[in-house]
Amino acid sequence: MNFQKLYDQKVENFETQLRRVFADVKDVPELLYKAMEYSLINGGKRLRPILLLETYKMFAGEPNENIIKFAVAIECIHIYSLIHDDLPSMDDDDFRRGKPTNHKLFGEGVAILAGDALLNLAYELIIEASLASEDYKKYLKASNYIAKSMGARGLIAGQVIDIKAGDTISGDTLKFVVRHKTGNLIIAPCASGAILGGASIEEIEHMVNFADYFSYAFQIRDDVLDYNDKGKKDNNTSFVNIYGKSRATQTLGDSTQRAIKVLKQLEGKNTNFFKDLALKFALRKQ
């Protein structure tokens, strides 16, 4: 089986679990539920939950129900961030993945609350999983890592600096924004998957470094694709706009190779999935 088919299969398997877990959400006003469901079950790469599941699998074998809840939680956080990112007060986008953004369909107020609800649902799932586990300290450590990565020190810090930067942004500021927005949403599932899987401190650090380089390459590829589609006009916080397409492409390749190199330090572990993943996303067309 080639890697694309393997990845698509993993996406399909995760989406089955995602729908099952979300179907258990009860006593939610119908309008709010529909707004949450619209964005959460609206497709996508499902990269973050798959990273968590595959990292856990590399260290501990097949994921159980508690690990699946962590993976769903990571996707809930990712989707909440997209709903809020699309708002008129943020990036002001009308479409995502070819469909109207949440606020265009449900209104700005409901979209904000849908994002809030998904973020809170994520922590409900993480707490439920932690309470159900005998090794609660390990689960709390993973939960703490995710919470810090998504809060004022992480994802939200990146979003604030992105807003503050406005139409002009320096290279250093861009790196900060990427590390805290794109980076934390990729590093957190790798780190928490490793923690939950019982990895050593050194192994967790290796996965963090892999995810750091990978997320950098991931964002540059997004910027290159966006530039090819739209040109410079719609994206001021872009590697291509700051450094030019040639240098951005070179940095993309360098970051991908560094991510792959880090994997070699995970001695005795089968890292083939992560190597193939890094190469796949570096060359992706959308």
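The values are calculated or read from the model by the stated rules, or taken from the named source; none is laboratory data. Since the model is a prediction, treat every value here as computed from it, not as a measurement. With ideal geometry, Cβ positions are generated from the backbone for all residues, glycine too; neighbour counts draw on all protein chains shown. Just the protein is used for accessible areas: all its heavy atoms, side chains included, with ligands, DNA and RNA removed. Shrake-Rupley method; radii C 1.70, N 1.55, O 1.52, S 1.80 Å.
Observations, loosely collected:
- The translational diffusion coefficient of region 70-135, from Stokes-Einstein at 25 °C and 0.890 mPa s with a Kirkwood hydrodynamic radius over alpha carbon pairs, comes to 196 µm²/s.
- Charge context of Leu52, other residues only, Cβ under 12 angstrom, K/R +1, D/E -1: +3
- The mean sequence separation of alpha-carbon pairs under 8 Å and at least six residues apart, normalised by the residue count of region 39-141, gives a relative contact order of 29 percent.
- Cα gyration tensor, region 135-286 - rounded (a/c under 1.5), prolate or oblate: oblate
- Which labelled figure in [x] 55, 40, 40; [y] 53, 43, 36; [z] 52, 50, 37 is Cα extents along the principal axes in Å, once derived from the coordinates: [z]
- Cβ-Cβ FRET estimate between Lys137 and Ala23, R0 fixed at 41 Å, reported to 0.05: 0.85
- Checking the cross-link pairs Lys137/Lys269; Lys175/Lys264; Lys99/Lys141; Lys5/Lys138 against a 28 Å limit on the alpha carbon distance flags Lys99/Lys141; Lys5/Lys138 as lying beyond it.
- Cα lying deepest toward the dipole's positive end in region 15-103, options Tyr80, Asn66, Val25, charges on Cβ: Asn66
- Prolate/oblate/rounded call for region 117-203, Cα gyration tensor, a/c under 1.5 rounded: oblate
- Dipole check for region 85-149: with +1 at the C-beta of Lys and Arg, -1 at the C-beta of Asp and Glu, and the Cα centre as origin, the magnitude is about 300 Debye.
- Ligands, DNA and RNA are left out, and with a 1.4 angstrom probe the accessible area of the chain is 49 Å² per residue.
- For the chain, the 222 nm mean residue ellipticity estimated from helices alone, with every DSSP H stretch of n ≥ 4 adding -39500 (n - 2.57) and the total spread over all residues, rounds to -24000 deg cm²/dmol.
- Nearby aspartates and glutamates by direct alpha-carbon distance to Lys164 (threshold 15 angstrom, same-chain neighbours under 8 apart not counted): Asp85, Asp91, Asp172
- Amide H to amide H distances under 5 Å link Arg96 with Thr101, where only residues 5 or more positions off or on other chains count and H is placed in the peptide plane.
- Surface composition of region 146-191: carbon plus sulfur atoms contribute 56% of the solvent-accessible area (1.4 Å probe, protein chains only, all chains present).
- Rounded to the nearest 0.05, the FRET efficiency derived from the C-beta distance between Lys164 and Asp116 at R0 = 22 Å is 0.45.
- The magnitude of the dipole of the chain, with charges of +1 and -1 set on the Cβ of Lys/Arg and Asp/Glu and taken from the Cα centre, is near 860 debye.
- Sequence ranges 115-124, 57-66, 203-212, 275-284, ranked by mean other-Cβ count within 10 angstrom, highest first: 203-212, 115-124, 275-284, 57-66
- Segment Glu267..Ser89, full-extension length gain: 59.4 nm, with 0.36 nm per residue of separation and the alpha-carbon distance subtracted.
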